[in-house]
Amino acid sequence: MDKILLEIKNVSKSFPGVKALDGVSVNLRAGTIHSLMGENGAGKSTLMKCLFGIYHEDSGEFFLEGKKVRFSNPKQALERGISMVHQELNQVHTRSVMENIWLGRFPLGITGVDHKKMYRDTKAIFDDLNISIDPKSIISTLSVSQRQMVEIAKAVSFSSKIIVFDEPTSSLSNVEVEHLFRIIYDLRDRGCAIVYISHRMNEILQISDEVTVLRDGKLVATTPATELTTDKIITQMVGRELSNVYPPKNNIPSKVILKVEELTALYQNLRDVSFELRSGEILGVAGLVGAGRTEMLETIFGLATRKSGKIIKNGRAIRNKNSRQAKRNGFAILTEERRTTGIFGVLNIRENTTIANIKNYLVKKIYLSNRKMSADTKWSIDKFRVKTHSQSAKINTLSGGNQQKVIIGRWVLTNPDIYLFDEPTRGIDVGAKYEIYQLMLDLAGDGKAIIMVSSELPELLGVCDRILVMSNGYLSGTVDAKNTSQEEIMLLAAKHV
């Protein structure tokens, strides 16, 4: 049996109104991949943040190679050989890749920072991990998946004994996932203990040696992966069998509400895209990373500049030059990167819920009506079953699924006709996913139209009416969700690659 690198004993942690961890104990062994699973809010990330010194546990102990440790901050954890690849990327967008990797520990020369050594050291790590990114590239110019790879390289650069991966594949293509798995297997074979947090069952069963499931802050079980199935994991996670992954469809598409004709973006990879969208329809968008899916939503909404083409809503040509115009024209958008471009992390739930509709709460154009804001926030919390003890709680204390519900509630209050959802269930557990699907179907049942980008083909097939398939900036085909297959979609996705 591999030696125990880390013992976690009876760790508990509470936030106002919520017990996030309740006496959790886990052992991590050298040379193994140990997965953590559970619904959003089950305590997975909280446990790792307590280990990493981001949070401080209320009770319990951590033993690293037999010695008790308690880190006051992440720097201390990194110095002792524990690193973490966070689900939400925290990077300095205006600086280079190599500067982000060596931030806070730049190599020094006679005249200051030794940029040549920084470049060589970064290139050596990239070569070792088979990552083809220029170390001098500015972070903001990279795709989300490339930025994820930079974070993984940064974790490896600390020569860590324990590396925590929190939802590392949420923005990666299948090819990039396989690349990541090769990196993780290599780290395991070097004797590292890997903690892998994911909601993707197939990944967990493929990559894990052991699986620990948490529910409502409590330890349910730690089980060898060879003894588990998807059904067993789901039962452990939710405390019951989940017979249907997707809700029954009750929406009926009707009249055409939106026509997009030969849409081309000025600076983005989007060329001559044409399609129609109907009221009451959920229209999926499939494709590989970089296919132009997000670019299409951003160009329609006015976040990216249109070069040519037409957008016709209810028979009238419109031009969304910015998000303000898009909102006025009846559009709403749920962005891919929830933390960066979705939530306002320093604000509370009420402020996040009402911020897109702020003019409606002005009294005599002088002050905001707290009563109206509180009433609408209560409606949103009740309607979308947001788990929180208070409207005044900071939104960044909520789980990913609950943050997503707050953002959906924000947009519903603006009463749009068309919703643009970019990876709406990214980083969300199986139970919360079901609730998001139901919210979408309810909106469609009320006659709203939805365009939904997703990297998960079963999700598109299970929720959507039709699916657009993007390939290298082009629309390569449109399929009926009832009469297609994952194989047909993947063939169309590779058409222009």
Residue-normalised accessible area of region 141-257, given per residue in Å² at a 1.4 Å probe: 42 Å²
Rounded percent of accessible protein surface that carbon and sulfur make up, region 104-144, 1.4 Å probe: 54 percent
Stokes-Einstein D (µm²/s) once Rh is taken as the Kirkwood radius of the chain over alpha-carbon pairs, at 4 °C in 1.567 mPa s: 54 µm²/s
Return the Rg/Rh value of region 347-489, two decimal places, where both radii are evaluated on C-alpha atoms and Rh is the Kirkwood radius. 1.04
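What size of dipole, in debye to the nearest 20, comes out for region 322-371 about its Cα centre when the only charges are +1 on Lys and Arg C-beta atoms and -1 on Asp and Glu C-beta atoms?
Numbers: 10 positive and 3 negative charges, 71 e Å.
Approximately 340 debye in magnitude.
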Only sites in a loop by DSSP and with at most 12 other Cβ atoms within 10 Å count here; which chymotrypsin sites (Phe, Trp or Tyr not before Pro) in region 164-273 make the cut? Tyr267
So the carbon and sulfur contribution to the accessible area of region 358-497, 1.4 Å probe, in percent, is 50 percent
Report the gain in length on full extension from Ser390 to Thr340: 0.36 nm times residue separation, minus Cα-Cα distance, nm rounded to one decimal. 15.7 nm
Could you point to the residue in Ile467, Ala193, Ile139 farthest towards the positive end of the chain's charge dipole, with +1 and -1 charges on the Cβ of Lys/Arg and Asp/Glu respectively? Ile139
Would you work out the Kirkwood radius for region 252-307? I mean one over the mean of 1/r across all pairs of different Cα atoms, in Å. 11.9 Å
What does the charge dipole of region 162-268 about its Cα centre add up to, to the nearest 20 debye, if the Cβ of each Lys and Arg holds +1 and the Cβ of each Asp and Glu holds -1? 420 debye
Region 62-104: projected area of the alpha-carbon convex hull, averaged over directions, in nm²: 3.9 nm²
What is the spin-label model distance, in nm, from Ala221 to Asp382 if the labels are put 7 Å beyond Cα along the C-beta direction? 3.9 nm
Which of the GluC sites (Glu not before Pro) across region 295-338 are loop residues per DSSP, with 15 or fewer other Cβ within 10 Å? none
Counting only pairs 8 or more residues apart or on different chains, how many lysine pairs in region 76-189 have their Cα atoms under 18 Å apart? 7
What ratio of Cα Rg to 2.2 N^0.38 Å holds for region 88-189? 1.06
Suppose R0 equals 25 Å. What FRET efficiency, 1/(1 + (r/R0)^6) with r the Cβ-Cβ distance, do Glu65 and Asp186 give to the nearest 0.05? 0.70
Take a quick pass over region 374-497 and tell me how many lysine pairs come in under 13 angstrom between Cα atoms, counting only ones 8 or more apart or on separate chains. 5
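Quote the charge dipole size of region 243-380 about the Cα centre in Debye, to the nearest 20; the model charges only the Cβ of Lys and Arg (+1) and of Asp and Glu (-1).
800 debye
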Listed residues Gly401, Pro224, Tyr267: farthest to the positive end of the dipole of the chain (Cβ charges): Tyr267
Using the Kirkwood radius over Cα pairs, work out the Stokes-Einstein diffusion coefficient for region 294-371 at 10 °C and 1.306 mPa s, in µm²/s as a whole number. 109 µm²/s
Could you derive backbone 3J(HN,Hα) for region 282-292 from the dihedral phi with the Karplus parameters 6.51, -1.76 and 1.60 (θ = phi - 60°), listing whole Hz in sequence and x where the residue is Gly or Pro? 10, 9, x, 10, 10, x, 6, 4, x, 6, x
Multiply the residue gap between Arg95 and Ser308 by 0.36 nm, knock off their C-alpha separation, and tell me the result in nm, one decimal place. 73.4 nm
Please report, in whole Å³, the volume per residue of the convex hull around the C-alpha atoms of region 345-430. 105 Å³
For region 324-351 versus region 147-191, the gap between their alpha-carbon centres in whole angstrom: 30 Å
For region 134-238, inverting the pair-averaged 1/r of distinct alpha-carbon atoms gives a Kirkwood value in Å of 15.2 Å
What does the accessible area per residue of region 1-94 come to in Å², with a 1.4 Å probe and no ligands, DNA or RNA counted? 43 Å²
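Region 195-324: Rg/Rh from Cα coordinates, Kirkwood Rh? Write out the running numbers ahead of the final one.
Values: Rg = 21.8 Å, Rh = 18.6 Å.
Dividing the radius of gyration by the Kirkwood radius yields 1.17.
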Region 190-256: C-alpha pair distances exceeding 17 Å, %: 52 percent
Sites Lys372 and Asp417 - FRET efficiency at Förster radius 30 Å, r taken between beta-carbons, to 0.05: 0.80
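The values are calculated or read from the model by the stated rules, or taken from the named source; none is laboratory data. This structure is a prediction, so every number in the text was calculated from the model and none was measured. Positions of Cβ are backbone-derived with ideal geometry, glycine not excepted, and every protein chain shown enters the neighbour counts. Ligands, DNA and RNA are excluded from the accessible area calculation, which covers all protein heavy atoms including side chains. Shrake-Rupley method; radii C 1.70, N 1.55, O 1.52, S 1.80 Å.
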